[in-house]
Amino acid sequence: MTARIGVVTFPGSLDDRDTQRAIRVAGAEPVTLWHKDKDLKQVDAVVLCGGFSYGDYLRAGAIARFSPVMEPLIAQAREGLPVLGICNGFQILTEAHLLPGAMLGNDHLHFICRDQKLRVENADTAWTSDYTAGQEINIPLKNMDGRYVADRRTLDELEAEGRVAFRYVVDGDAADGCGNPNGSLNDIAGVTNAAGNVVGLMPHPEHAVEPLIGTGRTDGLPFFTSILKKLVNA
């Protein structure tokens, strides 16, 4: 049976079609979910895609967090449903308290769009098992509110429990995508919950699944092959 992965579209989402294609390229079936849906159509996993839901009014993700589709998503994520939040999706997951911390405006106060070098810190989650810990990858990044922050106690817990999933590579040439692009604390690009089924990150793996587009590499494809393998082997 083909794994079915839902992709939620909110008003202002712009990467839902790209995410659906990435899922299809990996070999799974993408399922369209609308923000007003009150059920998840029995999908096996969900991706909250990038964009600017509700125009980022109030705070990025703050309104989307209260969309009807989020009620079953939050409940099922707490029961183990795999959920990936990309960029705006990551912001929504923090607003929904499925992931710790918060996202603030970039420290340089500008929108940034570039290829970004990341280091994989945790390859044991539902979405990262096709990577290896310490692996460096290049993933497109585009955001205005991408600065990850948390209080010191939360940061210490994330580090101690291995829940930093991805970190910006800061040593190297900026022309190669190195450097902290937004002032995120501890150079954090993505985190996971304790169970490893919910992962969020600011860069866009769905834009790096085919050599023709994005970085010209396929460094983002393992996100989608990882979850496919987990679902098939479950």
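Here are a few things to note about the model shown:
- Identity of the residue in the range 148-165, in contact with a strand residue (DSSP E or B) (Cβ under 8 Å, 6 or more places away or on another chain) and among the small types (Gly, Ala, Ser), that ends up surrounded by the most Cβ atoms within 10 Å (Cβ to Cβ): 165
- From the list 67, 13, 53, the one residue that fits, being touching a His at 6+ places or on another chain (Cβ under 6 Å) and open to solvent by less than 30 Å² (accessible area, probe 1.4 Å), is 67.
- Among (1) among the aromatic types (Phe, Trp, Tyr); (2) modelled with pLDDT under 95; (3) touching a strand residue (DSSP E or B) at 6+ places or on another chain (Cβ under 6 Å) - the single one residue 90 does not satisfy: (2)
Conditions (1) of a type in the set (Asp, Glu); (2) open to solvent by 10 Å² or more (accessible area, probe 1.4 Å); (3) farther than 23 Å from residue 51 by Cα, marked per residue:
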{"residue": "139", "(1), (2), (3)": "no, no, no"}
{"residue": "142", "(1), (2), (3)": "no, yes, no"}
{"residue": "146", "(1), (2), (3)": "no, no, no"}
{"residue": "167", "(1), (2), (3)": "no, yes, no"}
{"residue": "185", "(1), (2), (3)": "no, yes, no"}
{"residue": "211", "(1), (2), (3)": "no, yes, no"}
{"residue": "214", "(1), (2), (3)": "no, yes, no"}
{"residue": "230", "(1), (2), (3)": "no, yes, yes"}
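- Pairs with Cβ under 8 Å, 6+ apart, first in the range 1-28 and closer than 16 Å to residue 209 by Cα, second of a type in the set (D, E, K, R): 15/206; 18/206; 19/206; 21/206; 22/206; 23/29; 25/210; 28/4
- Residue satisfying condition, being buried (at least 19 other Cβ atoms within 10 Å of the Cβ) and out of contact with any Lys or Arg (no Cβ under 6 Å at 6 or more places or on another chain), within set 135, 116: 116
- Only one of the listed residues (94, 128) is part of a loop (DSSP other than H, G, I, E, B), crowded, with 21+ Cβ neighbours inside 10 Å and among the hydroxyl-bearing types (Ser, Thr, Tyr). That residue is 128.
- The range 165-205: number of residues that are assigned to a loop (DSSP other than H, G, I, E, B), farther than 30 Å from residue 79 by Cβ and among the small types (Gly, Ala, Ser): 4
- Qualifying position, being crowded, with 23+ Cβ neighbours inside 10 Å, modelled with pLDDT of 95 or more, under 16 Å from the mean Cα position of the chain (by Cα) and at negative phi, among 225, 192: 192
- The single residue among 31, 47 that is out of contact with any helix residue (DSSP H, G or I) (no Cβ under 6 Å at 6 or more places or on another chain) and open to solvent by less than 30 Å² (accessible area, probe 1.4 Å) turns out to be 31.
- Given (1) under 22 Å from residue 130 (Cα atoms); (2) surrounded by fewer than 19 Cβ atoms within 10 Å (Cβ to Cβ), index of the condition residue 59 fails: (1)
- Members of the range 1-40 that are outside any strand (DSSP E or B), closer than 23 Å to residue 75 by Cα and over 17 Å from the mean Cα position of the chain (by Cα): 3, 11, 35, 36, 37, 38, 39, 40
- Within the range 148-175, residues that are closer than 12 Å to residue 100 by Cβ reach partners that are open to solvent by 70 Å² or more (accessible area, probe 1.4 Å) and not acidic (Asp, Glu) with beta carbons closer than 9 Å, at six or more positions or on different chains, in the pairs 148/104; 149/104; 161/194; 163/194.
The values are calculated or read from the model by the stated rules, or taken from the named source; none is laboratory data. If you're wondering where the values come from, they're calculated on a predicted model, not measured in any experiment. In this analysis, Cβ positions are derived from the backbone assuming ideal geometry, glycine residues included, and neighbour counts consider all displayed protein chains. What goes into the accessible areas is simple: the full protein's heavy atoms, side chains included, and nothing from ligands, DNA or RNA. Shrake-Rupley method; radii C 1.70, N 1.55, O 1.52, S 1.80 Å.
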